[in-house]
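Student: This is the structure I want to talk about, given as structure tokens.
The values are calculated or read from the model by the stated rules, or taken from the named source; none is laboratory data. From a predicted model like this one, the values you see are computed outputs, not experimental measurements. Glycine also receives a Cβ, built like all others from the backbone with ideal geometry; neighbour counts cover every protein chain displayed.
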Amino acid sequence: MTNPSPDSIAPTLALIEQLAHETVSTLPPQFRALATHVRLRVEDFAEDEMLQELGVDDAFDLTGLYDGIPLTEKSTADQVTRPDVVWLFRRPILDEWAERGNVSLQELVSHVVIHELGHHFGWSDEDIAAIDPWWE
């Protein structure tokens, strides 16, 4: 059996994470520093418990999730019990990427990261569109 060519290997969890970090590094300066405090986690799929809490029946329907308290709701008196996290789910992202066929993997990962960071920052759809024109 021959080894598969690099072009036929599905993007790894590490590659998705790298693309997510690249997205954060290109955010406008006023958001970039704050976004680096949000942890980025990449898994193949959301855990069953997450899916149940969200009422999602099919794990392929969830490409990303913000888990935390939005900055618009935080208080300096709050005790930090766990970090804010943006979850990215590799298999649903890859499925959407393949189905679309008209965007790069970087564009799709960036779109998901920016959308989830939007929940962290309390951004409106217009705010998201200003940063991620692909949103429109």
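Student: Only one residue in V42, V56 is over 16 Å from I114 (Cβ atoms), free of Cβ contacts under 8 Å to residues at least 60 places away in the same chain and among the β-branched types (V, I, T). Which one? Before the answer, list the steps.
Tutor: Working: V42 fails: over 16 Å from I114 (Cβ atoms).
V56 is the lone residue from the list that is over 16 Å from I114 (Cβ atoms), free of Cβ contacts under 8 Å to residues at least 60 places away in the same chain and among the β-branched types (V, I, T).
Student: With (1) within 21 Å of S110 (Cα to Cα); (2) over 12 Å from the mean Cα position of the chain (by Cα); (3) at pLDDT 95 or above; (4) not hydroxyl-bearing (S, T, Y) as the list, and P28 as the residue in question, which single condition is left unmet?
Tutor: Going through (1) within 21 Å of S110 (Cα to Cα); (2) over 12 Å from the mean Cα position of the chain (by Cα); (3) at pLDDT 95 or above; (4) not hydroxyl-bearing (S, T, Y) one by one, P28 breaks only (3).
Student: Give the range 52-90 a look and list any residue that's crowded, with 16+ Cβ neighbours inside 10 Å and among the basic types (K, R), or say none.
Tutor: Hit for the range 52-90 is R90, nothing else.
Student: Another question, if that's okay. Please go through the range 47-71 and give me each residue that is charged (D, E, K, R) and touching a Phe, Trp or Tyr at 6+ places or on another chain (Cβ under 7 Å), ordered by number. Before the answer, list the steps.
Tutor: Let us first name the residues in the range 47-71 that are charged (D, E, K, R), namely 47-49, 53, 57-58, 61, 67.
D67, the sole residue that qualifies.
Student: Identify all residues within the range 93-107 that are without any contact (Cβ under 8 Å) to a residue 40 or more places away in the chain, closer than 24 Å to P28 by Cα and assigned to a helix (DSSP H, G or I); write none if there are none. If you could, list the steps in order and put the result at the bottom.
Tutor: Taking the range 93-107 as the starting set, the residues that turn out to be without any contact (Cβ under 8 Å) to a residue 40 or more places away in the chain are 95-104, 107.
Those still in the list that are closer than 24 Å to P28 by Cα too: 103-104, 107.
Hit for the range 93-107 is E107, nothing else.
Student: Shifting gears a bit: For the range 14-39, how many residues are touching a residue at least 60 places away in the same chain (Cβ under 8 Å), closer than 18 Å to F121 by Cβ and among the hydrophobic types (A, V, I, L, M, F, W, C)?
Tutor: 7
Student: Quick one: E116 ticks every box in (1) surrounded by fewer than 18 Cβ atoms within 10 Å (Cβ to Cβ); (2) among the charged types (D, E, K, R); (3) in a helix (DSSP H, G or I) except a single one, so which number is it?
Tutor: (1)
Student: Looking at the range 86-136, which of its residues are among the charged types (D, E, K, R) and within 11 Å of the chain's Cα centre (by Cα)?
Tutor: Our first condition is that a residue be among the charged types (D, E, K, R); within the range 86-136, this holds for 90-91, 95-96, 99-100, 107, 116, 125-127, 132, 136.
The answer is R90, E116.
Student: Turning to a different aspect of this structure: Filter the range 22-76 down to the residues that are among the basic types (K, R) and in a loop (DSSP other than H, G, I, E, B) and list them by number.
Tutor: Residues of the range 22-76 that are among the basic types (K, R), as a first pass: 32, 39, 41, 74.
K74 - this is the single residue of the range 22-76 that is among the basic types (K, R) and in a loop (DSSP other than H, G, I, E, B).
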